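**Q** I'd like to ask you about the structure that follows.
The values are calculated or read from the model by the stated rules, or taken from the named source; none is laboratory data. Since the model is a prediction, treat every value here as computed from it, not as a measurement. With ideal geometry, Cβ positions are generated from the backbone for all residues, glycine too; neighbour counts draw on all protein chains shown.
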Amino acid sequence: MDKDLIPDSPNMGIIAIDENLDILKYNEVAKELIPDISIGDNFLDYVENANELNKGLKDLISGEIESLNKSINLKNSKSSEIYAFCVKGIVFIQMRGAQSQKDEIKGHSNILKLIYDFVLNTAKLRRKEDFFMETYKNLKKLLKFNSFAISLVNKDKKSFTVVFSYEEGKRLPKRTYNLDPHGSLTGWVIYNKKMLYIKNVKKEKLPSKTHQVGHTISSWLGIPLIHRGEVLGALVICGFEPEAFNKDDVKLLKTLAAYISLILKNVLLYEEIKENRDMLENIINSSLIGIVINDLNENILFTNKRFAELLGYSPQELIGKNIKLITTPKSFKEIKERTKRRLKGLSDLYETQLVRKDGKIIDVIVSASPLRDSSGKITSSIGIIGDISERKMWENEIRRHNKLLSSLYRISLKMGGFPEPREMFEIIYNELKNVFNFHWLAISFYDKDKDIISFQMIKSEEKEIENFTVKCDPATSITARVIKTKGPFITGNILRDLSPDSYQIAGPPDVVDFSNVIVPIIYENDVLGTIGMAAKEKNAYDEYTVEYLRTLASSLGIFIANYNLYKEIKRTKETLENLINTTLVGIIIEDMNGKLSFVNDRFAKMLGYNVEDLLGKRIEGFATPESREVMLKKGKLRRMGISDSYEAQFVKNNGEIVDVLINASPLKDENGKLLGIVGVISDITERKNLERKIREEWEKYKTLMENLLVGIVIVRDGKVIFANNVIADLLKYKREEAIGENFLKFIHPDMRDYLWDLYQRRLKGLSAPNSYIVKFVDSQGNPVWTIIRSSVIDWEGERAVIVSIQDITRIKNMEEKLLALVKTFEKIKLSHSKDEIYELAINALTSILNLKIVVIAEVSGNKIIPAKWKGVTPPQSMDLYSKNSIVGWVTKNNKPYYTPDASKDPLYLRVNPETKSKYATPISSNHTFFGILNVESDKIDGISEDDRLLIDLMASHIAVAIAGLKYHKELEDAKNLQELMLHIVSHDLKNPLAVLHGYLELMNEEGPNEYIPTMIKAVQEAEDIIEKARLFSRLGNKKIDMKKEIMNLKELIEDSVELIKQKYSQGKIILNVPSYHIQALPIIKEVFVNILDNAFKYGASKVTIAGKIFEGSMEIRIADDGPGIPVSKRDIIFKPFERLASGKGSGLGLAIVKMIMELHKGEVKIENNVPKGTVFILRFP
């Protein structure tokens, strides 16, 4: 913790003391409390109760206590309340002169300690990302916020980047914005260098646009980060709730902003310094002499590799250590004295002694100079160290290195002038000739795509080889090996180190170049070529030669890359100039006086002039008066460094108006100095004419859509961008309330997912119905039923969906009412009395149609008599022929009558004072009048047309039901009469038949007669027909006066078989039926009797009866071998009086079978028997 971080406080004395309680620093308020205070004095010298305070402060320094809060008396008779805490051995004492301020002091102390802790946690950081994260974490402890962001101004000073932002613990991506005070809130803070606190984003007027990245914010607080007048960026915190930050929060953030700015500047400087230092380290580490940098306390900050090796260390072992480690006591004292000269800005060249890691003392020569920061302040010392143990050798080496460095310097200067490569190679040749002894110098380029080496220079004093190219094969070429390995090659005896079989060596051995050195030319890890030397002498080159050539090759690589880039830029410039003069847009440049200094051909032709006619003129002179004013205002913005685009109008040479779009930007040099304005101008006359035409067409189309009887809505990106008045009326919204809203807002929640899916499918071109029924919700939350039709259109260049909407709420409501009434209609059909019918009808009308008063009246003679009513006191009867009666009018005319305003209708009798409207309709069917259905409402025109139609429908069903009751009664009477007649006839016929049958039996006993048996059989047939007719009648009228009994089907079938055998003694019957009990009427036996009788009657000789039990039922199959039943007759044989042959039976037998089976909830079916005959299938439950 740095004691210099003590802030000035207007009402709090702050003193920093060390572990010996000596005063390090104090602020102005402390000076007021202790006027004679001085740095270096012991703090206890100013205190009366020193011993007690001494113990407390010592406990604080040792860590036994975290803070000290105590009242003290000063020797100047003042008393004070102090609060003390310790950070890294430094004690900070805060004091106030009044006892009553104890809590305030403690509160300020806590805040100060938080600030100190924050600075302590962040000041040591050097990476921006670490600093931003630590700042974020520490601020989260101090303030409550939902969103945090730090922005930095970019180097161009025209934009800024949100480099670090978090929202609710989630990291957000980086974002870059123009540095425009109106473009963003952060831009406003940076541009104006002012704090901005917006307590409620939704309610307050904002000075600029906002950009939503994550959650919607409500509170916004931004502080500029300023260091010595330079805006580094801004710190922004946001809250999701309004007024998320109070005054103390703002004050704390403003205080922290100063520290954050200071530390941020240090971090930025550190990164910049680190970049420069890394570059410098690369250069220094390649140096042939030792280099060391110390701070002013003799701590080693940097050492190159050479210096570390000189002392037997690695650089990492020395960095951070004090110089005392590598010096003798005498030399350390001398170095300390010379450091004081460094503080005065003086340099030294002196000899001294250093101690190696192995303890050996070496003599060195030191060239030491002060190092300064960007403000000129001396911060450290740099020393160039040479081992003078072998002085002569080092003197020669130093002279040689100076010569090499001078050579490199001169070569670098020449490279800066961008000479042609061949010229540069000649310069290198001449420079190296003055430094090295070589016979040949070779410089090559490597073509990676073709994998060949082309030598740009192979030169000696005697001759030069041109256009020499070889394949890049490491097996046959040393240069190729250097390129492929990216490493140098050095040899002092090429015949010794290389095999002549592998590498071709030119010339006889007596003239061969023994010494060779080749290094790759590398740029950004790509090998561009090589540079190499060859000498006739052996061992002519050493490692320093390699290092020199490497340094030269590095510069040469940059030169080649820059030269290629220069050529590319030159080609690009030529292409750009050609493009500018042939482009379809106009390009102009204004100088600082507002005059045209450049105009391309396109702009000149745009106005109908030659280029020469425009140069030197002011561009505003060619604009219309309205556009001239706009352009002059925009020009001022350009001179402020702001770019923008706008539309204007120029007057052509022939007087015509041309519409243009101008994109203008300030033109600056590499230092940011404003040189003028550049503008790109597009002719948009045709577009503007088209826009005007489109607007006219749109107004026509808009008028058409506004006047349609159906609603029209256009939806784009899920939002309503157009709605006509019909939609506004339908949903009870103002049009402007609907525009911009998501269309799903107006859809009933039940249908939103369905509608959204159709919308997405339609936009993707997938199949979707064009029209369907949709339930909307109006502004009051009421459902609105519609039928809509949708299709995709192109709207202003983007895909949208146009929807036509027709209100069918009335139809849907009527449909719902009708469906509800249908259930009542079904019940009315099944009613057994008029009273039940009237009760059902009145309840339905009052509950479904919400009618308050319903009366059903009948006509009896000349009177109209109420039969059933609801909602009124018992109404009275009235005379049918009363003149002023709505009900009487309906009765006489058999037509409905509606009065929307009963108070104005002379026919209304005003019986009920609450009645405002009334509807009466006849209850009639097929010209038969049954009564009147009368309904009343307490609202004027309170009975809608739809409801009147439903009331008519109800009246119609009442009439049909009453007619049905009447018909049913008549039918019942007819059946009773039929039953009576059948009883009389059967009774009257049965007695004579019984007498006849008795006489025939007597006659048969007296003597044989061939006709008597036939006559007896005929009488029996007649008796059977009479019994079947009576049974059929009883079954038809459901007048079976028997009770069901538990019976065994097997026994019933056996009894029936015995009975049939008496009648058909020749017939054969095979029985195979298991026992099965059912609940049945005694007449169930007639089923088997009639089927067996029919079989033998129509010619069967054998009948088989088989039974099978299933789960919950039994199946009986009766199969005969008779002639069978034709398929065409199978649908009618169970109908009454249908016979397969004339003269056989009554036609009632099988009809009785079917009726008895249905009476027992069974069934009967027919199949063909094989090979012939019929099978009757009976199923009993």
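**Q** State yes or no: is Glu461 within 23 Å of Ile411 (Cα to Cα), in contact with a helix residue (DSSP H, G or I) (Cβ under 7 Å, 6 or more places away or on another chain) and either among the hydrophobic types (A, V, I, L, M, F, W, C) or outside any strand (DSSP E or B) (or both)?
**A** Answer is no for this residue.
**Q** Let me ask something else. What residue, among those in segment 621-664 that are among the aromatic types (Phe, Trp, Tyr) and farther than 29 Å from Asp156 by Cα, is farthest from the chain's Cα centre (by Cα)?
**A** Out of the qualifying residues, it is Phe622.
**Q** Residue pairs, Cβ under 8 Å, 6 or more apart or interchain, first in segment 932-944 and in contact (Cβ under 8 Å) with a residue 24 or more places away in the chain and not assigned by TED's automatic domain parsing to the domain that holds Ser860, second of a type in the set (Asp, Glu) and not in a loop (DSSP other than H, G, I, E, B). List them.
**A** Short answer, once both residue conditions are applied: none.
**Q** Can you tell me how many residues within segment 172-219 are within 21 Å of Lys251 (Cα to Cα) and in contact with a helix residue (DSSP H, G or I) (Cβ under 7 Å, 6 or more places away or on another chain)?
**A** 3
**Q** In addition: Of the numbered conditions (1) in contact with a strand residue (DSSP E or B) (Cβ under 9 Å, 6 or more places away or on another chain); (2) surrounded by fewer than 17 Cβ atoms within 10 Å (Cβ to Cβ); (3) modelled with pLDDT under 85, Arg789 fails exactly one; give the number of that condition.
**A** Of (1) in contact with a strand residue (DSSP E or B) (Cβ under 9 Å, 6 or more places away or on another chain); (2) surrounded by fewer than 17 Cβ atoms within 10 Å (Cβ to Cβ); (3) modelled with pLDDT under 85, only one is false for Arg789: (3).
**Q** Condition test on Val231, is it closer than 26 Å to Lys158 by Cβ and outside the structural domain of Asp373 (by TED's automatic domain parsing)?
**A** Yes.
**Q** Given the residues Lys1039, Lys1085, which is the only one that is at pLDDT below 85, assigned to a helix (DSSP H, G or I) and touching an Asp or Glu at 6+ places or on another chain (Cβ under 9 Å)?
**A** After ruling out the rest, the residue left standing is Lys1085.
**Q** Considering only residues of segment 522-548 that are of a type in the set (A, V, I, L, M) and modelled with pLDDT of 90 or more, which is surrounded by the most Cβ atoms within 10 Å (Cβ to Cβ)?
**A** Ile531
**Q** So the check is Cβ under 7 Å with 6+ separation or different chains; which pairs have a first residue in segment 23-39 that's farther than 13 Å from Ile82 by Cβ and a second one that's of a type in the set (Lys, Arg)?
**A** Taking only residues 6 or more apart or on different chains, the pairs are Leu24/Lys3; Lys25/Lys3; Ile37/Lys31; Ile39/Lys25.
**Q** If you don't mind, there's one more thing I want to ask. For His227, which of the numbered conditions (1) at pLDDT below 90; (2) farther than 27 Å from Ile263 by Cα; (3) surrounded by 15 or more Cβ atoms within 10 Å (Cβ to Cβ) fails to hold?
**A** His227 satisfies every listed condition except (2).
**Q** Here's another thing I want to ask about it. Looking at segment 874-888, is at least one residue hydrophobic (A, V, I, L, M, F, W, C), under 16 Å from Leu953 (Cβ atoms), touching a residue at least 24 places away in the same chain (Cβ under 8 Å) and assigned to a helix (DSSP H, G or I)?
**A** No, because not a single residue in segment 874-888 is hydrophobic (A, V, I, L, M, F, W, C), under 16 Å from Leu953 (Cβ atoms), touching a residue at least 24 places away in the same chain (Cβ under 8 Å) and assigned to a helix (DSSP H, G or I).
**Q** Are any residues in segment 897-951 buried (at least 17 other Cβ atoms within 10 Å of the Cβ) and among the small types (Gly, Ala, Ser), and if so, which ones?
**A** Those that are buried (at least 17 other Cβ atoms within 10 Å of the Cβ) and among the small types (Gly, Ala, Ser): Ala902, Ser917, Ala920, Ser924, Ser925, Gly931, Ser937, Gly942.
**Q** In segment 1075-1098, what residues are surrounded by 14 or more Cβ atoms within 10 Å (Cβ to Cβ) and small (Gly, Ala, Ser)?
**A** Ala1080, Ala1095
**Q** Report, by residue number, each residue of segment 753-775 that is of a type in the set (Gly, Ala, Ser) and either in contact with a Phe, Trp or Tyr (Cβ under 8 Å, 6 or more places away or on another chain) or crowded, with 16+ Cβ neighbours inside 10 Å (or both).
**A** Hit for segment 753-775 is Ala768, nothing else.
**Q** Let me spell it out: the conditions are (1) at pLDDT 90 or above; (2) crowded, with 16+ Cβ neighbours inside 10 Å, and Lys652 meets all of them except one. Which number is the exception?
**A** (2)
**Q** Could I ask something else about it? Of Pro866, Pro875, which residue is crowded, with 18+ Cβ neighbours inside 10 Å and more than 16 Å from Ile951 (Cβ to Cβ)?
**A** Pro866
**Q** I've got another one for you. Going through Lys336, Lys330, Lys357 one at a time, which residue ends up being within 19 Å of Asp387 (Cα to Cα) and not in a loop (DSSP other than H, G, I, E, B)?
**A** Just one listed residue meets the conditions, Lys330.
**Q** How many residues are touching an Asp or Glu at 6+ places or on another chain (Cβ under 9 Å) and under 17 Å from Lys732 (Cα atoms) if we restrict to segment 777-805?
**A** 4
**Q** So for segment 1134-1144 (the condition being closer than 23 Å to Leu1059 by Cβ and at pLDDT 80 or above), does at least one residue qualify?
**A** no
**Q** Could I ask something else about it? Please list, ordered by residue number, the helices (runs of 4 or more DSSP H) wholly in segment 741-856 having 3 or more residues that are touching a Lys or Arg at 6+ places or on another chain (Cβ under 9 Å) and over 30 Å from Asn725 (Cα atoms).
**A** In segment 741-856, the matching helices (runs of 4 or more DSSP H) lie at 834-848.
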